[in-house]
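The values are calculated or read from the model by the stated rules, or taken from the named source; none is laboratory data. Note that the coordinates shown come from a computational prediction; the quantities given were computed from them, not determined experimentally. A quick note on method: Cβ atoms are made from the backbone with ideal geometry, for glycine too, and the neighbour counts reach across all protein chains shown. To get the accessible areas, we keep the full protein, side chains included, count just its heavy atoms, and leave off ligands, DNA and RNA. Shrake-Rupley method; radii C 1.70, N 1.55, O 1.52, S 1.80 Å.
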Amino acid sequence: MSIRLENISKTFGQFQALSPMSLNIDEGEMIGLLGPSGSGKTTLLRIIAGLEGANSGRIQFGDRDVTNLHVRDRHVGFVFQNYALFRHMTVADNVAFGLEVMDAKQRPNKTEIQHRVKHLLEMVQLGHLANRYPSQLSGGQKQRIALARALATKPDVLLLDEPFGALDAKVRKELRRWLRSLHDEIGFTSVFVTHDQEEALELSDRVVVMSNGHIEQIDEPAQLYAQPNSRFVFDFLGNVNVFEGKLTQSRLHNHNAWITAPSSDVPMNSGQLYIRSHELSLHTEASKIANLPLKVVAVNPIGAEVRVELAPHEWQSEQIWEADLTHSEYDRNPVKRGEIVYAEPRNGYFFRENSHQAPEQVSWQSRSLDETVK
Amino acid sequence: MKSKLKVIKSVAGALLLGSAVNASAADQTILNTSYDIARELFATYNPVFQKHWEEKTGQTVEIKQSHAGSSKQARSILQGLPADVVTFNQVTDVQILADRGKLVAEDWKSKLPNNSSPYYSTTAFLVRKGNPKNIHDWGDLVKDDVALVFPNPKTSGNGRYTYLAAYGYAQDQFGKNATEQQNSFLKTFLGNVSVFDTGGRGATTTFVERGIGDVLITFESEVNNIRQQYGADDYEVVVPKTSILAEFPVAVVERNAKKNGTLDVSTEYLSYLYSEESQRLLASFNYRVHNDTVKAEVADRFPEVKLLTVEEIAGGWPNAMRDIFANGKQLDQLQRR
Amino acid sequence: MPSSLSVASAKTRHKRVLPGFGLSLGSSLFFISLILLLPMTGLVMQTADMGWSEYWYVITDERVVASYKVTIWAALIASVFNGVFGLLLAWVLVRYEFPGKRILDALVDLPFALPTAVAGITLATLYAENGWYGELLAQWGIKVAYTPLGIIVAMSFTSIPFVVRTVQPVLEELSPEEEEAGITLGASDWSVFQRIIMPSLWPALVTGVALSFTRSLGEFGAVIFIAGNMPYVSEITSLMIFVRLQEFDFPAASAIASVVLIASLVLLFAINIWQGRYLKRLHGR
Amino acid sequence: MASGQRHQQRVGDRPAVKYTLIGITLVLTALLLVVPLISIFEQAFVDGLAVYWDSLGDPDTLHAIGLTLFVALLTVPINLFFGVLLAWSVTRFEFPGRKLMMTLMDIPFAVSPVVAGLLYLLLYGNNGWIGEWLYEHDLQLMFAWPGIVMVTVFVTCPFVARELIPLMQQQGREDEEAAVILGASGWQLFRRVTLPNIKWALLYGVILTNARAVGEFGAVSVVSGNIRGETNTLPLHIQLLYEDYQATAAFASASLLALIALITLIFKAFIEWRQERAEQLH
């Protein structure tokens, strides 16, 4: 079932939790609401569920206008952050609850309920725990029971509030994949809230990035990664090195450090250059492209990459820089802690000073490529 | 140790609002432990005695008062309440002090005239204005539509007197040996009771303030007090032709008095109750007294009654307690349903 | 042997990170022994004086047994009423905002603060047939004062705070998520209340009702003024104890008191255990 | 996010349900609690203000008021001190018999006050073995203020601990453990970490203890001896007055106790209000 939000807004007293926003979710889609705490993502989720009333706007599930419909009539499945399993009921009773409280007309008979519960528990691979109490389960098990409970009534949409927030990294990853495959199998429309960009990018068909009660960007994960349309999204999506510079003589200067403005049709200006950590290469001396002296702070070989932490040397940046090198790159130039190295960017995004427009993609590779071609 | 305690006591005393005064300025202090409703009586008598004692010995005496149900008072004294004299409304409650604690002389009854009972009373009825149920004697109390209020014989001496008085009437009426008729009378009598309060004043409240019952049975002295308190017009006093002699025994708690060094003043405190002045005072509280002069003065207020003694009815208090009021005995049997 | 001993003591010492174990446990034991247990020995010694058969005879006396029945029934009805009314009070105080809420909250403790005898006299005044309530109720043919109903009224008055004050904090702590989970699953308000909220409240509610019940079993001051104290009908057990005291029969009084005391303690202990199990299931601790 | 408005969809929030429940509660409370309270004052003032003041000005009444306050003044600190230690020991340590100790603490709730008084009388009265010794050494405990204080302590001893234990259990020991690691001494730990966390519950326990101490009748009546102007507490005095055909004076004194009760309750409400405000500010 598709979901359609029109001009939804919400205030708590003086506080504007959600500025008017619209969002369309297609049938069968899995949407991740991504943002830092306080960005309004949970509020939005609760409004969709009907746990919270919006101050303005309309909500449609398919053709059904559910704006003024009570939660219990919206047919949503909701998985709570801390699962909210009924502590005094067994696992099986928890899952059966939604079926048992149905109207007498719709309620399946007892054996049917038992059957459905059994099936659901098998689906979440926890059939053997039917008679346990929630307090006897691990976090991951609780999570799956909560999901089974939410799915028992065959809801039109499934809403999940920080579904993996309280789990450790390994279980989290496992459950994520399992949820994705379950979603692909059954094909329910689902919306989940998370503050973990990796989770959002991995799970969602589309990601909704939110901050301060606004929607910053809605896009498919790959698109979002390739074309973040604001500083906020950029910051939020992962490690990025920022070079803030003044443009003089086609170079961006920051104290003694500089980067040559890439040759492109875009007229350069003063502003911020965002460079992802894998778009940097390290050299023993400055190049034509950049003079970025950095002091090696730490060298961490992690999996396929070597992550080098770098502190700006005689110029200024708000954060420590990071460079992700392949092992072969690193082996060619094995930097050590305390050394001064010179970084050279390959690709970057440029945010103009005093502008809220989307960034411009810039590249230094094309130029060197151009030169070699020439 | 004792001085330390005294310090604590005086500190405590100082803390108590306005009570620092009671740190005895008097030469001697005695504690009169009495039944619950005698407060006013002794509050009036005490100054009279204080004056008398000062005239006689030149000493001042302070009299402290303790009032509660007389059995409870006896129990407290047994457990250590440092009473110098007791002024009770129950012979048994004094006797127990002699029997159990050797606190009172074995022969306390003969220490003072009239069985050590300076005043006495009897059991009488209070009925509502105009005596609508036409109550004149015990026999009228067992009519179907008469509701009675008197205190519980199990918890109150007053109630025990009432029960014994009814028993005495039944013996008088049906003959000493007509047990069956006596019992059926008493059973009906008990069955007509609406409320059993734990004490006499509670019964009064039930009858007067709550408007329960047609007849309140209590001491004659009380019946008259109630008329004075709640208005003479609303109630009428009926004194039955036969009733019981209710003694109000007094005794010195010798063990305590000796220890406190108050034996003389305690003894005098009780003896002086027999003086003409005191007897007049007692009569003014609607008690019957022994002094002939006073008796003549107040004859019109106390109608002639045939007074049966507990001896005559039940062979004395010990027997009455054992055969009638003890657990599972006559009273319990008659109240069984 | 010595080595195992030292291991054990090292272990216990290690467990107690926080200071004051000796001091607090020592003074608590001292306090409990002096204030609570020592006086209990008086009771035990009194009853020990009588033989078992005499003890049995005293506590199974017909009239005493009748008083148990009256007391237990009245206490049961009063505490069940308090369970319902107390739950309602706690619910309204926790869940709703309305003018006068603070006053209502404060009033709940009134029966604790008012001397029981004053409560008894006041209730008797109100419910007597010429009192404010008695007059009204009389029109319907209902008599409260001087009937077993009066006992119930007095008992529930004196013990209502127990229920409210035990349920209230638990209701406050209840997480909204479970309720919301119930609602999103389509349950009506009533079934959420009955199937999700109530199970969490049971331990507190039952404890409150049990405390109210035991308090009612022992109540004397408030009841005696309104009960009527008719043998076999409205005599409570506390009155029977009082009667035995009037008769200077301390052992018998102690014996009957011990019955009430043991019954109350067994009940409280059972509730503690039941509650422990129930909570263990909920919290897995 | 203002948590007060976050959950709009809680059970029973529909106006019809809400106002019905509030209505029923208010009516029942009015009938069962407020009217009795009013009737006390009504009977106290039935003969006018002058009589009211007169009856309160009686020296015996004044003394009873003083004694009652004095008893409360002694009882409350004793129970406060031991209540805190008891709560500390059962919530901060594991030891065998901990559960039993918590049940034992409820004894005063299970014991009829009259029986409670009797227990003390049997032990310290002249027939008890301690009583004999006391008599020989001329120490008067029963039928004097120490006895009254003792039984009052007994009757009110669960209140402080009962308020503290659930709270301290819920709060856990982490804060205090952190303080120990940071090197706080026992007293510093209590004063700077524990006390700020439990102060409101503590105060509430004190208030309840005080209320009960001031109003205790049954237990005190057994050990008091009822000596006017010496061992008569206010509740006992009320009964004596009542039995003495001084109903108005009795209710005047009763109204005083009701007033103490009300002041206590208002104080409590005020404390709660302060607490809520403090929580909102943080």
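Some notes on this structure:
- Over all distinct Cα-Cα pairs of segment A:239-373, the Kirkwood formula returns a hydrodynamic radius of 15.1 Å.
- With eigenvalues of the C-alpha gyration tensor scaled by 5 and rooted, segment D:160-282, Å: 41, 18, 10
- Contact with the other protein chains removes 30 Å² or more of accessible area, compared with the isolated chain and a 1.4 Å probe, from these residues of segment B:44-79: B:Lys64, B:Gln65, B:His67, B:Ser71, B:Lys72, B:Arg75, B:Ser76, B:Leu78, B:Gln79.
- Anchor D:Lys18: lysines whose Cα lies under 27 Å away (excluding residues fewer than 8 positions away in-chain): A:Lys10, C:Lys101, D:Lys268
- Residues of segment A:34-63 that bury at least 50 Å² of accessible area once all protein chains are present, compared with their chain alone (1.4 Å probe, heavy atoms only, ligands and nucleic acids left out), are A:Arg46, A:Leu51.
- For chain A, the Cβ-based charge dipole about the Cα centre amounts to some 1060 debye (Lys, Arg positive; Asp, Glu negative; other atoms uncharged).
- Where Rh is the Kirkwood radius over Cα pairs, Rg/Rh for chain B: 1.00
- Around the Cα centre of segment D:149-282, unit charges on the Cβ atoms of Lys, Arg, Asp and Glu (plus for the first two, minus for the last two) sum to a dipole of about 200 debye.
- Pairwise centroid distance, computed over Cα atoms, of segment B:272-337 with segment A:125-164, Å: 84 Å
- The solvent-accessible area of D:Ile260, taken with every protein chain present and a 1.4 Å probe, is close to 50 Å².
- Within chain B, percent of DSSP bridges classed antiparallel, to nearest 5: 45 percent
- Put A:His356, A:His214 in order of accessible area, highest first, and with a 1.4 Å probe you get A:His356, A:His214.
- Computed accessible area, D:Ile198, all protein chains, 1.4 angstrom probe, square angstrom: 0 Å²
- Both chains summed, the buried accessible area for B and D stands near 3300 Å², from protein heavy atoms and a 1.4 Å probe.
- Per residue of peptide C:266-274, the mean number of Cβ atoms on other chains within 10 Å of the residue Cβ is 3.
- Surface composition of segment A:3-229: carbon and sulfur atoms hold 43% of the protein heavy-atom accessible area at a 1.4 Å probe.
- For chain C, the Cα-based Rg and Dmax, in that order, read 23.5, 82 Å.
- Annotation for the D:C interface, with buried accessible surface near 8300 Å², both sides summed [1.4 Å probe; non-protein components not counted].
- Seen from all directions on average, segment C:59-142 presents a Cα convex hull projection of 8.3 nm².
- The alpha carbon convex hull volume per residue for segment D:104-189 rounds to 145 Å³.
- DSSP beta bridges fully contained in segment A:3-229 are about 50 percent antiparallel.
- Charge tally for D:Leu234 (other residues, Cβ to Cβ under 11 Å; Lys, Arg +1; Asp, Glu -1): -2.
- Rounded to 0.05, the FRET efficiency of the A:Lys110 and C:Lys280 pair, given R0 = 25 Å and the Cβ-Cβ distance, is 0.30.
- Amide proton proximity set for A:Glu216, modelled H, under 5 Å, gap of 5+: A:Val209, A:Met210, A:Ser211
- Summed over both chains, the accessible area lost when B and C associate is about 2600 Å², using a 1.4 Å probe.
- Divided by 2.2 N^0.38 Å, where N counts the residues, the Cα radius of gyration of chain A comes to 1.22.
- Within segment B:35-164, the proportion of C-alpha pairs whose separation exceeds 24 Å stands at 46%.
- Per residue, the solvent-accessible area of chain A (1.4 Å probe, heavy atoms of protein chains only, all protein chains present) comes to 46 Å².
- Under 5 Å from the amide H of B:Ala105 lie the amide H atoms of B:Glu254, each residue being 5 or more positions distant or on a separate chain, with H modelled from the backbone and absent for Pro and chain starts.
- Summed residue charge, Cβ within 11 Å of A:Val240's Cβ, Lys/Arg positive, Asp/Glu negative: -1
- Compactness ratio for the protein assembly as shown: Cα radius of gyration over 2.2 N^0.38 Å (N = residue count) comes to 1.26.
- Carbon/sulfur fraction of accessible area - segment C:65-283, other protein chains in place, 1.4 Å, %: 69 percent
- Cα-based equivalent ellipsoid, segment D:1-140: semi-axes from gyration tensor eigenvalues, Å: 42, 33, 16
- Of the residues A:His88, A:His75, the one with the largest accessible area comes first in the ranking A:His75, A:His88, computed with a 1.4 Å probe on protein heavy atoms.
- For the protein assembly as shown, share of DSSP beta bridges that run antiparallel, in % to the nearest 5: 70 percent
- Entry note: segment D:194-247 has Rg to Rh equal to 1.22, where both radii use alpha-carbon atoms and Rh is the Kirkwood radius.
- Trypsin sites (Lys or Arg not before Pro) within segment D:1-91: DSSP coil, no more than 11 neighbouring Cβ in 10 Å: none
- Residues whose amide H comes within less than 5 Å of that of A:Gly77, counting only those at least five positions distant or on another chain, are A:Asp156, A:Val157, A:Leu158, A:Leu159 (H built at 1.01 Å from N in the peptide plane).
- Centroid-to-centroid separation of segment D:139-200 and segment B:195-242 [C-alpha atoms, Å]: 52 Å
- Segment C:140-217: relative contact order in percent, alpha carbon pairs under 8 Å with at least 6 residues between: 48 percent
- Unit charges on C-beta of K, R, D, E only; dipole of segment D:217-282, Debye: 140 debye
- Count Lys and Arg as plus one, Asp and Glu as minus one, and take only other residues whose Cβ is under 14 Å from that of B:Phe285; the net charge is then 0.
- Note on exposure: C:Glu177, B:Glu311, A:Glu318 ranked by accessible area (1.4 Å probe, complete protein assembly) read A:Glu318, B:Glu311, C:Glu177, with the most exposed listed first.
- With Cα atoms, 0 to 90° folded angle of helix B:39-57 axis to chain B main axis: 40 degrees
- When restricted to Cα atoms, segment C:14-76 yields an Rg and a Dmax of 20.1, 58 Å, respectively.
- Within segment C:109-128, the residues that become at least 50 Å² less accessible when every protein chain is included than when their own chain is isolated (1.4 Å probe; DNA, RNA and ligands ignored) are C:Asp109, C:Leu110, C:Phe112, C:Ala113, C:Pro115, C:Val118, C:Ile121, C:Thr122, C:Thr125.
- Paired Rg and Dmax values of segment B:124-196, which use every Cα atom, in angstrom: 12.2, 37
- Set of aspartates and glutamates near B:Lys176 by C-alpha distance (under 18 Å), chain-local residues within fewer than 8 positions excluded: B:Glu311, B:Glu312, B:Asp323
- Of every Cα-Cα pair in chain D, the percent that sits beyond 28 Å: 53 percent
- Segment A:91-225 shape via C-alpha gyration tensor axes, a/c threshold 1.5: prolate
- B:Arg39 sits with roughly 40 Å² accessible to a 1.4 Å probe, with DNA, RNA and ligands left out of the calculation.
- Between the beta carbons of A:Arg332 and A:Glu185, assuming R0 = 30 Å, the FRET efficiency works out to 0.05 to the nearest 0.05.
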